[in-house]
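Structure, as structure tokens:
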Amino acid sequence: MANEKREAPGIGNNITINSLGEPTSDLEVFSKEVLKALISDNLPPTPSNFSLYFDRLMEEKSESFRKQVNAILEIEDGNDDEQSMELEKSLKEGFVSVKNILQVSASLYKNMALMTKILEKHKAELQTNPEAHAVLRIVKGLDDDVGKLNGILKKQTAQMKTLYDETANIIKSVENETIFDNQYGLYNRRYAMNKIDQERQMVLEFKHKSSLIALKLSKEIETQISTEKVLHLMTRTIARLLLKTSRRSDIIAHYGNGLFLMLLKHTDTPSAKNAAQRLYELVASSNFFLAEKEYNLKIAIGLAEISNNKSAEELIIATIDAMNRADEAPESVHYIVYEG
């Protein structure tokens with residue numbers, strides 16, 4: 001019984017669980033490698049750190065092994081932050097529906113008001129014709145009924161307006177605690193600053209190295225495009241590419257005005273440079289077509305090492321400063337590292 005093997009449910013015959021003894025699958029061997037690397041770097045084997053090292057060491061494995069493990073990971077549920085993002089998205093969609101209901105109700109009220117004016121006009125015309133007294137009585141009765149209906153509708157519209165304002169206040173209070181940027185499908189500025197501040201504390205505690213990257217569409221591209229809508233589409237393309245190339249442990253956020261931040265945990269400056277170069281090349285290899293004209297996307301990148309003697313806001317400002325200098329640098333310069 002000591003060496004009993006059983007299949008992990010839903011995974012396949014090539015992944016086994018050994019209750020005792022040595023690991024019997026590539027995944028078990030790899031998990032021990034991850035744990036060994038954590039201990040070697042003097043880090044506590046918490047779920048967060050294990051997941052982070054798991055992703056980082058996975059990059060060194062073969063493509064077939066990565067596909068095998070990713071297939072297993074897809075079976076697992078998303079983390080709490082991802083679930084919160086989906087909840088926020090649904091909440092905002094619900095608020096849009098409430099707005100649409102109010103707009104339809106307002107349109108109905110306007111139409112009723114218009115009908116009332118039309119009846120008043122025809123009633124005035126009939127009053128000038130002595131032979132139309134019978135019709136005038138009918139119109140007056142109809143006018144009274146429409147007036148009552150209009151009054152009821154006006155009252156109900158006011159009630160809906162009150163409910164809408166209350167809903168808007170609820171949404172506003174929720175948005176003050178949100179982590180999701182609805183515009184680009186990434187984390188938002190508030191979440192990024194919290195995570196950077198947390199990572200500062202971890203760096204101080206465990207003495208490892210982490211890095212921050214700031215990037216945006218280059219001025220060269222922005223000057224070629226005069227339409228805000230097209231610039232927004234280009235920026236959305238960059239956001240999708242960031243999600244495509246990032247590790248699960250990376251924090252990608254929209255800081256505002258088309259500027260993105262990437263928090264690379266347990267990543268020193270040389271590794272962050274490699275990541276920045278990959279990002280630059282990935283975006284540069286992406287084409288954007290506009291009115292039969294082809295544009296090669298280009299980004300400006302700045303990066304800095306996380307330091308515990310700077311606040312999260314100061315680190316972000318320093319990284320953005322490096323990004324802006326990269327934007328002004330010659331084309332051969334793909335990124336600039338903040339050396340402060």
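The values are calculated or read from the model by the stated rules, or taken from the named source; none is laboratory data. Everything numeric here is computed off the predicted structure, so don't read it as measured data. In this analysis, Cβ positions are derived from the backbone assuming ideal geometry, glycine residues included, and neighbour counts consider all displayed protein chains.
A count restricted to the stretch 206-221 and to residues that are in a helix (DSSP H, G or I) and buried (at least 16 other Cβ atoms within 10 Å of the Cβ) stands at 1. Just so you know, in the stretch 96-120 the residues that are within 43 Å of the chain's Cα centre (by Cα) and basic (Lys, Arg) include one that is modelled with the highest pLDDT, and it is 110.
Listed here are the residues, each with its yes/no results for (1) free of Cβ contacts under 8 Å to residues at least 40 places away in the same chain; (2) not assigned by TED's automatic domain parsing to the domain that holds residue 239.
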position: 143; (1), (2): yes, yes
position: 146; (1), (2): yes, yes
position: 152; (1), (2): yes, yes
position: 157; (1), (2): no, yes
position: 186; (1), (2): no, no
position: 191; (1), (2): no, no
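When residue 272 is tested against (1) more than 17 Å from residue 211 (Cα to Cα); (2) of a type in the set (A, V, I, L, M, F, W, C); (3) buried (at least 22 other Cβ atoms within 10 Å of the Cβ), only condition (1) is not met. Comparison of 273, 293 shows that the only residue that is among the basic types (Lys, Arg) and modelled with pLDDT under 95 is 293. Does residue 330 count as in a helix (DSSP H, G or I), free of Cβ contacts under 8 Å to residues at least 12 places away in the same chain and not β-branched (Val, Ile, Thr)? When the stated conditions are applied, residue 330 does not pass them.
Confirm whether residue 167 is modelled with pLDDT under 95 and either among the β-branched types (Val, Ile, Thr) or farther than 17 Å from residue 302 by Cα (or both). Here the answer is yes, as residue 167 does meet what is asked.
Candidates 237, 227: the one that is touching a residue at least 24 places away in the same chain (Cβ under 8 Å) and either closer than 16 Å to residue 320 by Cβ or of a type in the set (Val, Ile, Thr) (or both) is 237.
Among the residues of the stretch 313-327, those identified as surrounded by fewer than 18 Cβ atoms within 10 Å (Cβ to Cβ) and either among the β-branched types (Val, Ile, Thr) or in contact (Cβ under 8 Å) with a residue 60 or more places away in the chain (or both) are 313, 317.
Within the stretch 161-186, being out of contact with any helix residue (DSSP H, G or I) (no Cβ under 7 Å at 6 or more places or on another chain) and assigned to a strand (DSSP E or B) holds for one residue alone: 181. List the number of the failed condition for residue 71; all other conditions in (1) modelled with pLDDT under 75; (2) over 25 Å from residue 263 (Cβ atoms); (3) within 26 Å of the chain's Cα centre (by Cα) hold. The single condition residue 71 does not satisfy is (1). If you go through the stretch 248-255 one residue at a time, do you hit one that is within 26 Å of residue 57 (Cα to Cα), in a loop (DSSP other than H, G, I, E, B) and among the basic types (Lys, Arg)? The answer is yes, given that some residue of the stretch 248-255 is within 26 Å of residue 57 (Cα to Cα), in a loop (DSSP other than H, G, I, E, B) and among the basic types (Lys, Arg). Among the residues of the stretch 145-193, those identified as over 20 Å from residue 243 (Cβ atoms) and of a type in the set (S, T, N, Q) are 150, 156, 157, 159, 162, 167, 169, 173, 176.
Looking only at residues of the stretch 281-312 that are of a type in the set (A, V, I, L, M) and under 16 Å from residue 219 (Cα atoms), we find that the one that is surrounded by the most Cβ atoms within 10 Å (Cβ to Cβ) is 301. Could you go through the stretch 37-49 and let me know if any residue there is at positive phi and either at pLDDT 80 or above or of a type in the set (Phe, Trp, Tyr) (or both). The answer is yes, given that some residue of the stretch 37-49 is at positive phi and either at pLDDT 80 or above or of a type in the set (Phe, Trp, Tyr) (or both). Considering only residues in the stretch 252-262 that are buried (at least 23 other Cβ atoms within 10 Å of the Cβ) and either hydrophobic (A, V, I, L, M, F, W, C) or free of Cβ contacts under 8 Å to residues at least 40 places away in the same chain (or both), the one that is nearest to residue 207 (Cα to Cα) turns out to be 262.
Considered as a group, the residues in the stretch 222-238 that are touching a helix residue (DSSP H, G or I) at 6+ places or on another chain (Cβ under 8 Å) and either assigned to a helix (DSSP H, G or I) or of a type in the set (Gly, Ala, Ser) (or both) include one that is nearest to residue 282 (Cα to Cα), and that residue is 238. For residue 235, the conditions (1) crowded, with 17+ Cβ neighbours inside 10 Å; (2) within 30 Å of residue 50 (Cα to Cα) are fulfilled apart from (2).
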